[in-house]
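Student: This structure is in structure tokens; I'll ask about it shortly.
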Amino acid sequence: MRQEVEDDLEIAIVAALRLTVPLGSTEPLWSFASRLGRLNGRRLTSFLGDFKVLQAQVRTGHDAAVAKLADLGGADAEALRRFTPEQRRPGHITLAGESLPTGMCVRSEVRVCPACLRDDVRSSDLKASLAVHGRAPWLLSYLRTCPVHDLPLVRLPVDRGHEALDFSNVVAPQPDRLHPSLDADNDPPPRSASDLDRFVVRRLTHGKGAGATWPDTLSLHAAARFSEVLGVTLIRGRMGALETLSEAELATAGARGFEIIAQGPDALSETLEELRTSRGTPQDGPQARYAPLHTWATSQAGKSPEFEPLRAILRQHILDRWPLRPGTRVLGHKVTEWQRHSIRTASIEWGIHARTLRRILAAGGLVAESADERGDAAEIFSVEDALPLVAAHVGGLTFEKARARLDMSRSQMDALIQAGLLVPTRASAGMRPRFKEAEIARFEAAIEARLVPYGERQAGVSIPLAVKMAKASAAAALSAILDGKLPVSRRPGATGYLNLVVNAERLRQIVHGPPPTHYYSYSEACTYLGLPAKALKRLIDLRLLRSQAGQVPNTSLAMTQIDRASVEAFHKAYVSLARLARELGQSKSELAAALTTHRIWPVSILSLRATPIYRRADLQRLLEI
């Protein structure tokens, strides 16, 4: 394709035009072509057409177009090529030896320094429309202030993006006069150019290595873009976003960020440490504390290889100064073990109260004796240095790790400890309970020894539900299991406390003795059948359940008594969706979908809209599957 385009452009050297203009300093191709055409009485599009040069090829800096226009204007082709953006692959351009994302090069509008253009007119004998020329640095979005005149760049209006290439006609519609917006009376308020502005101009004009600062060793795009993102992070914090800021705000942000990186890697590391300790909440991680810098560094744009020297400093700072849990990924690096802790994270991980831990570590000189205004989350220490100091206090399993292993809630763990079913190690004052590995293993083995084969699904429910139905405690249920009084089984393929199943009625008899009456209370019947009160009343109205008025035992309070035999007879023949889901250990939504798939429908006369009831005989096919 490229060869065909070159053939169309007729690369053969052509004679120079009789009327030419001098090539300006850092002038791009379309600015030169626009002035050349203007001098010869043609607008850019017509002028290019006369010599079979396509406007799109001028825009993308095609080699053949550069060569032909340089020959026509008698200009230095190499200088013209150097300061014309050349697009050789989608999404990227090359300008003055710098590789840049296309979005950083502004070609669909005209950005100029009015004072520079007025200087062009004053220093030339040519008409204004021929004397002015574009500058390559003006094309870059990073440059927002002219370093020569300390004046913000201004945008000139163009109707369509491609018209921005006709530079001469945009800045000087009349041959002898600049655009009215370029008059000195219309200049924006002065603004001091930043070191970033001067860096951009110097870099494009003189090339990489022209300066002696750290940014001079980086690519232009890496130094400039990182400066802007760092500046926004410092000025606006986590609420900052480059796309929401004005040109003036971006100029301030870029100047602030470049001021830091110009001092070198150490200055950047110090700034990152200030961000770590000066703002945020104890729960913040690096993503929140360094936003939007961290967000950008993990984006596709921030992962470009040219940013790696800067990302490496951010990555190493986070690894050195943050308590990172194993498995955490930091800008492509995976943490394999705890290297650093804060007082807060160590207190949680080791199960030692924060004040106790601070006292231990302060005695070893690792932390201050008292927390400053930043709190426990900001004070970081080496795990390797701290372990010898806390060795006597750390061992076995923390309360949280033991709880997670047994699959219990905190209140259930506390109840077992209080009942003596779980025995923690002796702890120092201020420490949370810890457990020896052997103690947790003993408890697990004791439960395993009492397991019986998993039988009929409708015969058992989870221990927390059985406790609720039987009006007992978790400690009482586990005591009955360990004493061999309450048979226990486990759902197939599952582990943990919550997957142990027992018979709730059997637990009730163990805790409260045999049922003193032949009835259920209203709430007991609802719980047993898995039905809301409204559905239970419907079954009573249909005379599937027998009820009578009675009294709460040992009180004068009235209650509705539901005949136990009728409840159990109904339970053998029918089951609600809620009760069936409970028995099978599935969610109601998943189970309802499975029943519909197998064309198993609720009994319409018994069911309410939100409470479907099924015949157990209809369910046999699904249970076999």
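The values are calculated or read from the model by the stated rules, or taken from the named source; none is laboratory data. Worth saying up front: this structure is predicted, and the values here are computed from it rather than measured. Glycine gets a Cβ as well: all are built from the backbone with ideal geometry, and neighbour counts include every protein chain shown. Each accessible area value is taken on the protein alone, full model and side chains, heavy atoms only, with ligands, DNA and RNA left out. Shrake-Rupley method; radii C 1.70, N 1.55, O 1.52, S 1.80 Å.
Student: What are the residue pairs meeting all of these: first residue in region 68-81, first residue farther than 17 Å from Ser25 by Cβ and open to solvent by 20 Å² or more (accessible area, probe 1.4 Å), second residue modelled with pLDDT under 95 and not in a helix (DSSP H, G or I), Cβ atoms under 6 Å, and 6 or more apart or on different chains?
Tutor: The qualifying pairs are Asp71/Ile13; Asp71/Val14.
Student: Residue by residue through region 261-295, note down the ones that are surrounded by fewer than 18 Cβ atoms within 10 Å (Cβ to Cβ), part of a helix (DSSP H, G or I) and among the β-branched types (Val, Ile, Thr).
Tutor: Thr277, Thr295
Student: Quick one: is Arg579 of a type in the set (D, E, K, R) and open to solvent by 30 Å² or more (accessible area, probe 1.4 Å)? Working first, answer last.
Tutor: Numbers: of a type in the set (D, E, K, R): yes; open to solvent by 30 Å² or more (accessible area, probe 1.4 Å): no.
The answer is no for Arg579.
Student: Being of a type in the set (D, E, K, R), buried (at least 22 other Cβ atoms within 10 Å of the Cβ) and within 24 Å of Val21 (Cβ to Cβ) is the filter here; which residues of region 112-158 pass it? Steps first, answer last, please.
Tutor: Initially, region 112-158 is screened for residues of a type in the set (D, E, K, R), giving 118-120, 122, 125, 127, 135, 144, 150, 155.
When the remaining residues are screened for being buried (at least 22 other Cβ atoms within 10 Å of the Cβ), the result is 135, 144.
Arg135, the sole residue that qualifies.
Student: I've got another one for you. Just to verify a result, which residue in region 92-111, among those that are open to solvent by 40 Å² or more (accessible area, probe 1.4 Å) and either more than 21 Å from Leu220 (Cα to Cα) or in contact with a Pro (Cβ under 8 Å, 6 or more places away or on another chain) (or both), is modelled with the lowest pLDDT?
Tutor: The extreme case among them is Ser108.
Student: With respect to Arg374, determine if the residue is touching a residue at least 40 places away in the same chain (Cβ under 8 Å), part of a helix (DSSP H, G or I) and of a type outside the set (S, T, N, Q).
Tutor: Here the answer is no, as Arg374 does not meet what is asked.
Student: Suppose we filter Asp563, Asp541 for residues that are surrounded by fewer than 19 Cβ atoms within 10 Å (Cβ to Cβ), free of Cβ contacts under 8 Å to residues at least 40 places away in the same chain and farther than 15 Å from Ala610 by Cα; which single one remains?
Tutor: Just a single option satisfies the conditions, and that option is Asp541.
Student: Counting only residues that are in contact (Cβ under 8 Å) with a residue 40 or more places away in the chain, touching a strand residue (DSSP E or B) at 6+ places or on another chain (Cβ under 8 Å) and not basic (Lys, Arg), how many does region 182-202 have?
Tutor: So the answer is 8.
Student: Identify the single condition in (1) more than 42 Å from the chain's Cα centre (by Cα); (2) open to solvent by less than 20 Å² (accessible area, probe 1.4 Å); (3) more than 26 Å from Pro464 (Cα to Cα) that Leu595 does not satisfy, given that it satisfies every other one.
Tutor: The one condition Leu595 does not meet is (1).
Student: Please enumerate the residues belonging to region 83-120 that are in a helix (DSSP H, G or I) and either among the hydroxyl-bearing types (Ser, Thr, Tyr) or under 15 Å from Val148 (Cβ atoms) (or both).
Tutor: Thr102, Pro114, Ala115, Cys116, Leu117, Arg118, Asp119, Asp120, listed by residue number.
Table: residues versus (1) at pLDDT 90 or above; (2) over 15 Å from Pro323 (Cα atoms); (3) loosely packed, with under 15 Cβ neighbours inside 10 Å; (4) within 32 Å of the chain's Cα centre (by Cα).
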{"site": "Arg340", "(1), (2), (3), (4)": "yes, no, no, yes"}
{"site": "Thr345", "(1), (2), (3), (4)": "no, no, no, yes"}
{"site": "Glu349", "(1), (2), (3), (4)": "no, no, no, yes"}
{"site": "Glu369", "(1), (2), (3), (4)": "no, yes, yes, no"}
{"site": "Glu373", "(1), (2), (3), (4)": "no, yes, yes, yes"}
{"site": "Pro388", "(1), (2), (3), (4)": "no, yes, yes, no"}
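Student: Also, I was wondering about something else. Quick check: anything in region 488-497 over 44 Å from the mean Cα position of the chain (by Cα), under 30 Å from Leu608 (Cβ atoms) and surrounded by fewer than 18 Cβ atoms within 10 Å (Cβ to Cβ)?
Tutor: Among the residues of region 488-497, not one is over 44 Å from the mean Cα position of the chain (by Cα), under 30 Å from Leu608 (Cβ atoms) and surrounded by fewer than 18 Cβ atoms within 10 Å (Cβ to Cβ), which makes the answer no.
Student: Something else about it: Of everything in region 300-338 that's assigned to a strand (DSSP E or B) and within 22 Å of Thr281 (Cα to Cα), which residue is most open to solvent (accessible area, probe 1.4 Å)?
Tutor: Residue satisfying both the conditions and the ranking: Arg329.
Student: Related question: Here is a check on your reading of the model: is Ala470 surrounded by 20 or more Cβ atoms within 10 Å (Cβ to Cβ), hydrophobic (A, V, I, L, M, F, W, C), in contact with a helix residue (DSSP H, G or I) (Cβ under 7 Å, 6 or more places away or on another chain) and more than 18 Å from Gln418 (Cβ to Cβ)?
Tutor: yes
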